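The values are calculated or read from the model by the stated rules, or taken from the named source; none is laboratory data. Everything numeric here is computed off the predicted structure, so don't read it as measured data. Every residue, glycine as well, gets a Cβ built from its backbone with ideal geometry; the counts of neighbours run over all protein chains shown. With ligands, DNA and RNA removed, areas are computed over all heavy atoms of the protein, side chains included. Shrake-Rupley method; radii C 1.70, N 1.55, O 1.52, S 1.80 Å.
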Amino acid sequence: MTVIRLPTAQPPDCVLGARPDVTESAGAYRATGGYRSPTTRPDELLHHLEASGLRGRGGAGFPVAVKLRAVREGGAVPVVVANGEEGEPGSVKDRWLLRARPHLVLDGVARAAAMTGAARGYVYLSDPEAGARVRRALAEHPPPLPIEVVETDRTYVAGEESAVVRRIDGGPALPTAKPPRPFERGVGGAPTLVSNVETLARIALTASRPGLRRRIARSTLVTLSGGRGTPLLTEIPYGVPLRTLAAAHGTPDAAGALMGGLFGGLVDASGLDLPLEPGALAAAGTALGCGAIRFLAAGTCPVTAAAEAVGHLAAESARQCGVCVTGTAAVHGALRALAAGTAGPDTLANLTRWAQGLPGRGACGLLDAAAGTAGSLLRAFPRTLPSHLGAACPACAADLTAVGPGRLAVAVPEVSETPSSPSSPATPSARTALSAPPVLKGTP
Ligand code: SF4
(Lines give C-alpha, C1' and ligand atoms only; values in the text may rest on other atoms or scores of the structure.)
Protein backbone atom coordinates (compact mmCIF):
# COMPACT_ATOMS: atom_id res chain seq x y z
CA MET A 1 0.00 0.00 0.00
CA THR A 2 1.37 3.40 -0.96
CA VAL A 3 1.56 6.54 1.16
CA ILE A 4 0.04 9.89 0.31
CA ARG A 5 0.98 13.53 0.69
CA LEU A 6 -1.30 16.49 1.29
CA PRO A 7 -0.99 20.15 0.47
CA THR A 8 0.04 22.00 3.64
CA ALA A 9 -2.58 24.73 3.87
CA GLN A 10 -5.86 25.53 2.20
CA PRO A 11 -8.29 28.42 2.71
CA PRO A 12 -11.19 27.56 5.04
CA ASP A 13 -13.71 27.67 2.19
CA CYS A 14 -12.11 24.54 0.71
CA VAL A 15 -13.30 21.08 1.66
CA LEU A 16 -9.65 20.28 2.18
CA GLY A 17 -9.63 22.76 5.05
CA ALA A 18 -7.07 25.00 6.64
CA ARG A 19 -5.20 22.18 8.37
CA PRO A 20 -5.78 18.96 6.42
CA ASP A 21 -3.52 16.99 8.78
CA VAL A 22 -5.41 17.79 12.01
CA THR A 23 -8.98 16.87 13.02
CA GLU A 24 -11.00 20.07 13.09
CA SER A 25 -12.73 20.77 16.42
CA ALA A 26 -16.28 22.09 16.72
CA GLY A 27 -14.85 25.41 17.91
CA ALA A 28 -12.52 25.73 14.92
CA TYR A 29 -15.36 24.83 12.57
CA ARG A 30 -17.68 27.41 14.14
CA ALA A 31 -14.92 30.04 13.96
CA THR A 32 -14.90 29.78 10.15
CA GLY A 33 -18.68 30.07 9.84
CA GLY A 34 -19.70 26.46 10.33
CA TYR A 35 -22.87 25.47 12.20
CA ARG A 36 -24.01 29.05 11.66
CA SER A 37 -27.70 29.13 12.60
CA PRO A 38 -29.36 28.95 9.23
CA THR A 39 -29.36 32.44 7.86
CA THR A 40 -30.19 30.55 4.66
CA ARG A 41 -33.59 28.84 4.94
CA PRO A 42 -33.74 25.22 3.74
CA ASP A 43 -35.84 26.14 0.68
CA GLU A 44 -33.41 28.89 -0.23
CA LEU A 45 -30.45 26.55 0.17
CA LEU A 46 -32.12 24.00 -2.10
CA HIS A 47 -32.61 26.74 -4.67
CA HIS A 48 -28.94 27.76 -4.38
CA LEU A 49 -27.79 24.16 -4.81
CA GLU A 50 -29.90 23.92 -7.94
CA ALA A 51 -28.56 27.20 -9.30
CA SER A 52 -24.93 26.27 -8.58
CA GLY A 53 -25.34 22.92 -10.34
CA LEU A 54 -23.73 20.95 -7.50
CA ARG A 55 -23.43 17.27 -8.40
CA GLY A 56 -22.76 14.29 -6.16
CA ARG A 57 -19.16 13.32 -5.49
CA GLY A 58 -19.66 9.62 -4.84
CA GLY A 59 -19.24 8.53 -8.44
CA ALA A 60 -22.48 8.86 -10.39
CA GLY A 61 -22.40 12.68 -10.37
CA PHE A 62 -26.18 13.05 -10.05
CA PRO A 63 -27.53 16.61 -9.54
CA VAL A 64 -27.82 17.11 -5.78
CA ALA A 65 -30.94 19.30 -5.83
CA VAL A 66 -32.87 16.75 -7.93
CA LYS A 67 -32.06 13.98 -5.45
CA LEU A 68 -33.00 16.15 -2.46
CA ARG A 69 -36.36 17.04 -4.01
CA ALA A 70 -37.12 13.41 -4.87
CA VAL A 71 -36.51 12.36 -1.25
CA ARG A 72 -38.51 15.28 0.13
CA GLU A 73 -41.46 14.39 -2.08
CA GLY A 74 -41.26 10.66 -1.29
CA GLY A 75 -44.48 10.65 0.75
CA ALA A 76 -43.11 9.68 4.20
CA VAL A 77 -40.66 11.10 6.74
CA PRO A 78 -37.25 10.63 5.08
CA VAL A 79 -33.88 9.44 6.34
CA VAL A 80 -30.49 10.95 5.47
CA VAL A 81 -27.36 8.80 5.18
CA ALA A 82 -23.84 10.21 4.90
CA ASN A 83 -22.04 7.60 2.85
CA GLY A 84 -18.36 7.47 3.78
CA GLU A 85 -17.74 3.87 2.72
CA GLU A 86 -15.05 4.20 0.09
CA GLY A 87 -14.59 0.95 -1.79
CA GLU A 88 -12.44 2.25 -4.65
CA PRO A 89 -8.90 1.13 -3.82
CA GLY A 90 -7.33 4.30 -5.29
CA SER A 91 -9.50 6.79 -3.40
CA VAL A 92 -8.90 8.16 0.10
CA LYS A 93 -10.85 11.41 0.10
CA ASP A 94 -13.92 10.21 2.00
CA ARG A 95 -12.01 8.54 4.82
CA TRP A 96 -9.72 11.55 5.04
CA LEU A 97 -12.72 13.90 5.16
CA LEU A 98 -14.37 12.00 8.02
CA ARG A 99 -11.10 11.91 9.95
CA ALA A 100 -10.19 15.55 9.37
CA ARG A 101 -13.48 17.47 9.02
CA PRO A 102 -16.24 15.45 10.72
CA HIS A 103 -18.12 18.63 11.68
CA LEU A 104 -18.32 19.77 8.07
CA VAL A 105 -19.93 16.46 7.11
CA LEU A 106 -22.30 16.47 10.11
CA ASP A 107 -23.32 20.04 9.32
CA GLY A 108 -24.12 18.81 5.81
CA VAL A 109 -26.24 15.98 7.20
CA ALA A 110 -28.22 18.42 9.34
CA ARG A 111 -28.77 20.78 6.39
CA ALA A 112 -29.80 17.93 4.09
CA ALA A 113 -32.24 16.79 6.78
CA ALA A 114 -33.69 20.28 7.01
CA MET A 115 -34.15 20.43 3.23
CA THR A 116 -35.80 17.01 2.98
CA GLY A 117 -37.71 16.97 6.28
CA ALA A 118 -35.73 13.97 7.53
CA ALA A 119 -36.07 13.12 11.22
CA ARG A 120 -32.98 10.91 11.60
CA GLY A 121 -29.61 10.40 10.02
CA TYR A 122 -26.77 7.90 9.75
CA VAL A 123 -23.07 8.11 9.04
CA TYR A 124 -22.12 4.91 7.21
CA LEU A 125 -18.42 4.01 7.09
CA SER A 126 -15.86 1.24 7.29
CA ASP A 127 -12.84 3.11 8.65
CA PRO A 128 -12.68 2.67 12.47
CA GLU A 129 -10.51 5.78 12.85
CA ALA A 130 -13.06 7.86 10.96
CA GLY A 131 -15.83 6.32 13.06
CA ALA A 132 -14.09 7.37 16.29
CA ARG A 133 -13.66 10.97 15.03
CA VAL A 134 -17.31 11.18 13.98
CA ARG A 135 -18.55 9.83 17.32
CA ARG A 136 -16.36 12.35 19.13
CA ALA A 137 -17.68 15.16 16.93
CA LEU A 138 -21.28 14.13 17.69
CA ALA A 139 -20.52 14.35 21.40
CA GLU A 140 -18.73 17.68 20.99
CA HIS A 141 -21.57 19.31 19.08
CA PRO A 142 -24.87 17.42 19.46
CA PRO A 143 -26.76 17.55 16.17
CA PRO A 144 -30.34 18.81 15.78
CA LEU A 145 -31.54 15.29 14.86
CA PRO A 146 -30.51 11.79 16.01
CA ILE A 147 -27.49 10.63 13.99
CA GLU A 148 -26.13 7.10 14.36
CA VAL A 149 -22.79 5.76 13.11
CA VAL A 150 -23.10 2.42 11.27
CA GLU A 151 -19.92 0.52 10.44
CA THR A 152 -19.40 -2.10 7.78
CA ASP A 153 -16.54 -4.10 6.29
CA ARG A 154 -14.73 -2.36 3.44
CA THR A 155 -15.51 -3.95 0.08
CA TYR A 156 -15.86 -2.59 -3.45
CA VAL A 157 -19.68 -2.78 -3.35
CA ALA A 158 -20.42 -1.92 0.31
CA GLY A 159 -20.87 1.76 -0.56
CA GLU A 160 -23.34 1.14 -3.39
CA GLU A 161 -26.54 2.89 -2.29
CA SER A 162 -28.79 -0.18 -2.05
CA ALA A 163 -26.03 -2.04 -0.16
CA VAL A 164 -25.89 0.90 2.25
CA VAL A 165 -29.61 0.65 2.94
CA ARG A 166 -29.46 -3.12 3.32
CA ARG A 167 -26.62 -2.91 5.84
CA ILE A 168 -28.26 -0.16 7.92
CA ASP A 169 -31.42 -2.28 8.01
CA GLY A 170 -29.39 -5.10 9.54
CA GLY A 171 -28.55 -7.15 6.45
CA PRO A 172 -25.32 -7.73 4.53
CA ALA A 173 -23.72 -4.78 2.69
CA LEU A 174 -24.67 -6.16 -0.73
CA PRO A 175 -26.54 -4.45 -3.57
CA THR A 176 -30.19 -5.25 -4.27
CA ALA A 177 -32.12 -5.19 -7.52
CA LYS A 178 -33.57 -1.83 -8.54
CA PRO A 179 -36.28 -0.48 -8.48
CA PRO A 180 -37.05 0.58 -5.87
CA ARG A 181 -34.13 2.93 -5.41
CA PRO A 182 -33.38 4.27 -1.92
CA PHE A 183 -34.96 7.67 -2.67
CA GLU A 184 -38.23 5.77 -3.18
CA ARG A 185 -37.92 3.12 -0.45
CA GLY A 186 -34.78 3.00 1.63
CA VAL A 187 -33.88 2.61 5.30
CA GLY A 188 -36.87 1.08 7.15
CA GLY A 189 -38.92 1.59 3.99
CA ALA A 190 -38.63 5.40 4.19
CA PRO A 191 -37.46 7.60 1.32
CA THR A 192 -33.73 7.84 1.92
CA LEU A 193 -31.08 10.27 0.78
CA VAL A 194 -27.83 8.33 0.47
CA SER A 195 -25.27 11.05 -0.11
CA ASN A 196 -21.51 10.90 -0.38
CA VAL A 197 -19.71 12.66 2.49
CA GLU A 198 -17.92 15.12 0.18
CA THR A 199 -21.28 16.05 -1.33
CA LEU A 200 -22.64 16.79 2.15
CA ALA A 201 -19.52 18.82 2.96
CA ARG A 202 -20.15 20.92 -0.15
CA ILE A 203 -23.79 21.42 0.90
CA ALA A 204 -22.59 22.77 4.28
CA LEU A 205 -20.07 25.07 2.58
CA THR A 206 -22.74 26.31 0.17
CA ALA A 207 -24.83 27.33 3.18
CA SER A 208 -22.05 29.07 5.07
CA ARG A 209 -20.24 30.79 2.15
CA PRO A 210 -22.87 32.38 -0.05
CA GLY A 211 -20.34 34.29 -2.15
CA LEU A 212 -18.55 31.13 -3.22
CA ARG A 213 -21.39 28.84 -4.26
CA ARG A 214 -20.32 28.40 -7.85
CA ARG A 215 -16.72 27.75 -6.87
CA ILE A 216 -17.81 25.19 -4.27
CA ALA A 217 -19.89 23.38 -6.91
CA ARG A 218 -17.10 23.48 -9.47
CA SER A 219 -14.20 22.12 -7.46
CA THR A 220 -13.55 18.62 -6.26
CA LEU A 221 -11.27 16.39 -4.21
CA VAL A 222 -9.06 14.11 -6.26
CA THR A 223 -6.74 11.27 -5.27
CA LEU A 224 -3.84 11.02 -7.71
CA SER A 225 -1.70 7.88 -7.73
CA GLY A 226 0.24 5.49 -9.95
CA GLY A 227 2.97 6.75 -12.28
CA ARG A 228 6.21 7.71 -10.64
CA GLY A 229 4.96 10.22 -8.06
CA THR A 230 3.84 9.88 -4.46
CA PRO A 231 0.05 9.71 -4.19
CA LEU A 232 -1.54 13.09 -3.66
CA LEU A 233 -4.91 14.10 -2.23
CA THR A 234 -5.81 17.61 -3.31
CA GLU A 235 -8.74 19.85 -4.19
CA ILE A 236 -8.90 21.37 -7.63
CA PRO A 237 -11.25 23.51 -9.69
CA TYR A 238 -12.98 21.95 -12.68
CA GLY A 239 -11.26 22.62 -15.98
CA VAL A 240 -7.70 21.74 -15.02
CA PRO A 241 -6.22 19.53 -17.78
CA LEU A 242 -5.43 15.97 -16.70
CA ARG A 243 -1.90 16.58 -17.99
CA THR A 244 -1.44 19.38 -15.43
CA LEU A 245 -2.59 17.01 -12.70
CA ALA A 246 -0.14 14.38 -13.94
CA ALA A 247 2.68 16.91 -13.66
CA ALA A 248 1.55 18.02 -10.18
CA HIS A 249 1.50 14.39 -9.13
CA GLY A 250 5.03 13.81 -10.43
CA THR A 251 4.30 11.95 -13.68
CA PRO A 252 4.62 14.65 -16.37
CA ASP A 253 5.28 12.03 -19.07
CA ALA A 254 2.29 9.82 -18.23
CA ALA A 255 1.28 7.36 -20.96
CA GLY A 256 -2.37 7.60 -19.96
CA ALA A 257 -4.56 7.13 -16.90
CA LEU A 258 -7.09 4.89 -15.27
CA MET A 259 -9.99 7.21 -14.55
CA GLY A 260 -12.61 7.49 -11.83
CA GLY A 261 -11.21 4.79 -9.61
CA LEU A 262 -11.94 1.59 -11.52
CA PHE A 263 -15.08 3.02 -13.08
CA GLY A 264 -13.93 5.45 -15.79
CA GLY A 265 -11.73 3.14 -17.85
CA LEU A 266 -8.44 4.03 -19.50
CA VAL A 267 -7.45 7.11 -21.47
CA ASP A 268 -4.28 7.27 -23.57
CA ALA A 269 -1.67 10.05 -23.51
CA SER A 270 -3.75 12.27 -25.82
CA GLY A 271 -6.66 11.88 -23.38
CA LEU A 272 -4.58 13.75 -20.80
CA ASP A 273 -5.45 16.94 -22.69
CA LEU A 274 -9.04 16.55 -21.43
CA PRO A 275 -10.13 18.98 -18.73
CA LEU A 276 -11.12 17.52 -15.41
CA GLU A 277 -14.79 18.37 -15.74
CA PRO A 278 -17.56 15.73 -15.50
CA GLY A 279 -19.36 16.74 -18.69
CA ALA A 280 -16.22 16.89 -20.82
CA LEU A 281 -15.00 13.57 -19.48
CA ALA A 282 -18.36 11.89 -20.09
CA ALA A 283 -18.45 13.25 -23.66
CA ALA A 284 -15.03 11.67 -24.21
CA GLY A 285 -16.29 8.29 -22.97
CA THR A 286 -14.64 8.34 -19.56
CA ALA A 287 -15.68 9.51 -16.09
CA LEU A 288 -14.52 11.47 -13.07
CA GLY A 289 -16.28 8.99 -10.76
CA CYS A 290 -15.05 9.40 -7.20
CA GLY A 291 -12.11 11.56 -8.34
CA ALA A 292 -9.46 8.82 -8.14
CA ILE A 293 -6.99 8.94 -11.05
CA ARG A 294 -4.16 6.45 -11.49
CA PHE A 295 -1.55 7.62 -13.97
CA LEU A 296 0.35 5.16 -16.16
CA ALA A 297 4.08 5.79 -16.10
CA ALA A 298 5.83 6.11 -19.46
CA GLY A 299 6.61 2.62 -20.71
CA THR A 300 3.77 1.02 -18.75
CA CYS A 301 1.63 -1.26 -20.89
CA PRO A 302 -2.08 -0.41 -20.68
CA VAL A 303 -2.96 -4.10 -21.12
CA THR A 304 -1.45 -4.97 -17.74
CA ALA A 305 -3.10 -1.92 -16.19
CA ALA A 306 -6.49 -3.08 -17.50
CA ALA A 307 -5.86 -6.66 -16.39
CA GLU A 308 -4.93 -5.49 -12.90
CA ALA A 309 -8.03 -3.29 -12.60
CA VAL A 310 -10.41 -5.99 -13.81
CA GLY A 311 -8.64 -8.55 -11.61
CA HIS A 312 -9.49 -6.41 -8.60
CA LEU A 313 -13.12 -6.13 -9.73
CA ALA A 314 -13.41 -9.89 -10.34
CA ALA A 315 -12.05 -10.57 -6.86
CA GLU A 316 -14.53 -8.08 -5.36
CA SER A 317 -17.63 -9.40 -7.14
CA ALA A 318 -20.31 -9.97 -4.55
CA ARG A 319 -21.13 -13.18 -6.44
CA GLN A 320 -24.87 -12.56 -6.31
CA CYS A 321 -25.43 -12.30 -10.08
CA GLY A 322 -24.26 -15.22 -12.22
CA VAL A 323 -23.47 -12.95 -15.14
CA CYS A 324 -21.14 -10.89 -12.94
CA VAL A 325 -19.24 -13.94 -11.67
CA THR A 326 -18.72 -15.40 -15.14
CA GLY A 327 -18.42 -12.04 -16.94
CA THR A 328 -15.76 -10.46 -14.73
CA ALA A 329 -13.79 -13.73 -14.69
CA ALA A 330 -13.96 -13.99 -18.50
CA VAL A 331 -12.85 -10.40 -19.07
CA HIS A 332 -10.05 -10.75 -16.54
CA GLY A 333 -8.90 -14.04 -18.08
CA ALA A 334 -8.77 -12.53 -21.56
CA LEU A 335 -6.80 -9.49 -20.39
CA ARG A 336 -4.38 -11.65 -18.40
CA ALA A 337 -3.85 -13.85 -21.46
CA LEU A 338 -3.14 -10.79 -23.61
CA ALA A 339 -0.65 -9.51 -21.06
CA ALA A 340 1.05 -12.90 -20.83
CA GLY A 341 1.16 -13.40 -24.62
CA THR A 342 -1.04 -16.51 -24.46
CA ALA A 343 -4.26 -15.06 -25.88
CA GLY A 344 -6.05 -16.96 -28.63
CA PRO A 345 -7.13 -15.47 -31.95
CA ASP A 346 -10.71 -14.83 -30.72
CA THR A 347 -9.66 -12.80 -27.70
CA LEU A 348 -10.15 -9.31 -29.14
CA ALA A 349 -13.51 -10.26 -30.67
CA ASN A 350 -14.62 -11.70 -27.32
CA LEU A 351 -13.54 -8.59 -25.45
CA THR A 352 -15.43 -6.43 -27.93
CA ARG A 353 -18.56 -8.54 -27.46
CA TRP A 354 -18.33 -8.45 -23.66
CA ALA A 355 -17.63 -4.71 -23.59
CA GLN A 356 -20.87 -4.15 -25.50
CA GLY A 357 -23.07 -6.85 -24.01
CA LEU A 358 -22.29 -7.03 -20.29
CA PRO A 359 -23.03 -3.47 -19.04
CA GLY A 360 -26.35 -3.14 -17.22
CA ARG A 361 -26.76 -6.84 -16.55
CA GLY A 362 -25.64 -6.94 -12.89
CA ALA A 363 -27.45 -5.58 -9.85
CA CYS A 364 -24.73 -2.97 -9.39
CA GLY A 365 -22.08 -1.18 -11.43
CA LEU A 366 -19.19 -3.58 -10.80
CA LEU A 367 -19.81 -5.62 -13.94
CA ASP A 368 -20.19 -2.37 -15.93
CA ALA A 369 -16.81 -1.24 -14.64
CA ALA A 370 -15.12 -4.47 -15.76
CA ALA A 371 -16.74 -4.35 -19.21
CA GLY A 372 -16.05 -0.62 -19.50
CA THR A 373 -12.37 -1.08 -18.71
CA ALA A 374 -12.08 -3.64 -21.52
CA GLY A 375 -13.99 -1.36 -23.90
CA SER A 376 -11.81 1.63 -23.07
CA LEU A 377 -8.66 -0.42 -23.71
CA LEU A 378 -9.96 -1.43 -27.16
CA ARG A 379 -10.90 2.19 -27.98
CA ALA A 380 -7.91 4.05 -26.56
CA PHE A 381 -5.11 1.64 -27.49
CA PRO A 382 -6.20 -0.05 -30.74
CA ARG A 383 -2.67 -0.35 -32.11
CA THR A 384 -1.23 -1.80 -28.91
CA LEU A 385 -3.50 -4.85 -28.75
CA PRO A 386 -2.73 -6.85 -31.92
CA SER A 387 0.93 -7.09 -30.95
CA HIS A 388 -0.19 -8.93 -27.77
CA LEU A 389 -1.69 -11.80 -29.74
CA GLY A 390 0.62 -14.80 -29.67
CA ALA A 391 3.68 -12.99 -28.32
CA ALA A 392 4.66 -11.81 -24.88
CA CYS A 393 4.90 -8.01 -24.52
CA PRO A 394 8.15 -7.05 -22.74
CA ALA A 395 6.49 -4.14 -20.92
CA CYS A 396 3.67 -6.41 -19.73
CA ALA A 397 6.16 -9.03 -18.60
CA ALA A 398 7.91 -6.45 -16.44
CA ASP A 399 4.62 -5.05 -15.11
CA LEU A 400 3.10 -8.44 -14.37
CA THR A 401 5.88 -9.28 -11.97
CA ALA A 402 4.91 -6.21 -9.93
CA VAL A 403 1.15 -6.91 -9.91
CA GLY A 404 -0.01 -8.11 -6.54
CA PRO A 405 -2.64 -7.69 -3.88
CA GLY A 406 -2.85 -4.13 -2.69
CA ARG A 407 -0.87 -2.49 -5.50
CA LEU A 408 -3.89 -0.36 -6.47
CA ALA A 409 -4.45 0.72 -2.85
CA VAL A 410 -3.53 4.12 -1.47
CA ALA A 411 -3.16 4.73 2.28
CA VAL A 412 -5.33 7.35 3.96
CA PRO A 413 -3.32 10.38 5.12
CA GLU A 414 -2.61 10.50 8.81
CA VAL A 415 -4.73 13.06 10.60
CA SER A 416 -3.73 13.91 14.15
CA GLU A 417 -6.25 14.76 16.85
CA THR A 418 -4.57 18.02 17.85
CA PRO A 419 -2.05 20.35 16.19
CA SER A 420 1.51 19.85 17.38
CA SER A 421 1.67 23.61 17.77
CA PRO A 422 -1.09 26.18 17.26
CA SER A 423 1.02 28.31 14.97
CA SER A 424 3.30 25.94 13.14
CA PRO A 425 2.63 23.10 10.69
CA ALA A 426 2.33 19.63 12.16
CA THR A 427 5.46 17.53 11.94
CA PRO A 428 5.20 15.28 8.91
CA SER A 429 4.75 11.69 9.94
CA ALA A 430 6.35 8.73 8.23
CA ARG A 431 3.19 8.19 6.21
CA THR A 432 2.28 11.79 5.39
CA ALA A 433 4.97 13.67 3.53
CA LEU A 434 3.67 17.22 3.36
CA SER A 435 4.45 19.38 0.37
CA ALA A 436 3.46 22.70 -1.12
CA PRO A 437 0.07 22.60 -2.84
CA PRO A 438 0.17 22.55 -6.64
CA VAL A 439 -0.88 25.81 -8.26
CA LEU A 440 -3.71 24.79 -10.56
CA LYS A 441 -6.02 27.05 -12.50
CA GLY A 442 -9.34 25.73 -13.77
CA THR A 443 -12.54 27.29 -14.99
CA PRO A 444 -14.48 28.27 -11.87
S1 SF4 B 1 -23.14 -7.09 -10.33
FE2 SF4 B 1 -21.59 -8.35 -9.32
S3 SF4 B 1 -20.91 -7.11 -7.58
FE4 SF4 B 1 -22.85 -6.24 -8.31
S5 SF4 B 1 -24.43 -7.23 -7.06
FE6 SF4 B 1 -24.21 -8.49 -8.91
S7 SF4 B 1 -22.66 -10.04 -8.33
FE8 SF4 B 1 -22.56 -8.41 -6.80
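Of all DSSP beta bridges in the chain, what percent run antiparallel (nearest 5)?
On the way: 15 of 38 bridges.
The answer is about 40 percent antiparallel.
What angle, in degrees between 0 and 90 and rounded to the nearest 10, separates the Cα long axis of helix 102-116 from the longest principal axis of the Cα atoms of the chain?
Once rounded, the angle reads 80 degrees.
For a test of the definition: using alpha carbon positions, the gyration tensor, and the 1.5 limit on a/c, classify region 101-230 as rounded, prolate or oblate. Don't skip to the answer; put the middle values down first.
Numbers: a/c = 1.41, a/b = 1.12, b/c = 1.26.
Rounded is the answer for region 101-230, as its axis ratio a/c remains below 1.5.
Sort 291-303, 328-340 by the packing proxy (mean of other Cβ within 10 Å over each peptide's residues), most packed first. Mind dumping the intermediate values first?
On the way: 291-303: 23.7, 328-340: 22.1.
The most tightly packed comes first, giving 291-303, 328-340.
Long-range amide H contacts for Tyr238: which residues qualify at under 5 Å (H placed 1.01 Å from N, peptide plane, sequence gap of 5 or more or a different chain)?
Ser219, Thr220, Thr443
Treat every Asp and Glu Cβ in region 320-399 as -1 and every Lys and Arg Cβ as +1, leave all other atoms uncharged, and give the resulting dipole magnitude about the Cα centre to the nearest 20 debye. It would help to have the intermediate numbers written out before the result.
Numbers: 5 positive and 3 negative charges, 24 e Å.
Dipole about the Cα centre, nearest 20: 120 debye.
Share of the chain's accessible area from carbon and sulfur, percent, 1.4 Å? Show your work: numbers first, answer last.
On the way: 9480 of 16800 Å².
Here carbon and sulfur together make up 56 percent of the probe-accessible area.
Just want the answer: with Cβ charges of +1 for Lys and Arg and -1 for Asp and Glu, which residue in Leu377, Gly327, Pro241 is farthest toward the dipole's positive end in the chain?
Going by the charge dipole, the pick is Pro241.
Evaluate the relative contact order of the chain (contact order divided by residue number), counting alpha-carbon pairs under 8 angstrom at least 6 apart; express in whole percent. Mind dumping the intermediate values first?
Details: 964 pairs, mean separation 94.6, N = 444.
Computed value for the chain: 21 percent relative contact order.
What is the packing order of peptides 72-82, 133-143, taking the mean over residues of other C-beta atoms within 10 Å and listing the highest first? Don't skip to the end; give the middle numbers.
Values: 72-82: 21.0, 133-143: 17.0.
In decreasing order of mean packing, 72-82, 133-143 become 72-82, 133-143.
Quick one: compute the contact order of region 218-296, relative version, from alpha carbon pairs under 8 angstrom and 6+ residues apart, as a percent.
On the way: 174 pairs, mean separation 28.4, N = 79.
In percent, rounded to a whole number, it is 36.
With the dipole of the chain worked out from charges on the C-beta (+1 for Lys and Arg, -1 for Asp and Glu) around the Cα centre, which of Pro413, Pro63, Leu138 lies farthest toward the positive end?
The listed residue farthest towards the positive side: Pro63.
For region 218-296, give the share of DSSP beta bridges that are antiparallel, in percent and rounded to the nearest 5; count only bridges with both residues there. Walk me through the numbers on the way to the answer.
Working: 13 of 17 bridges.
That works out to approximately 75 percent antiparallel.
If you fit an axis through the alpha-carbon atoms of helix 42-52 and take the longest principal axis of the Cα set of the chain, what angle between them do you get, 0 to 90°, nearest 10?
30 degrees
Could you work out how far helix 366-380 tilts from the main Cα principal axis of the chain, as a 0 to 90 degree angle to the nearest 10?
The angle comes out near 50 degrees.
Around Val22, which amide H atoms from residues at least 5 apart in sequence, or from another chain, sit under 5 Å from its own amide H, with H modelled in the peptide plane?
So Val22 has HN proximity to Ser416.
Hey, what did region 245-394 get for relative contact order, percent, Cα under 8 Å, at least 6 apart? Walk me through the numbers before you get to the answer.
On the way: 245 pairs, mean separation 38.5, N = 150.
Across region 245-394, relative contact order equals 26 percent.
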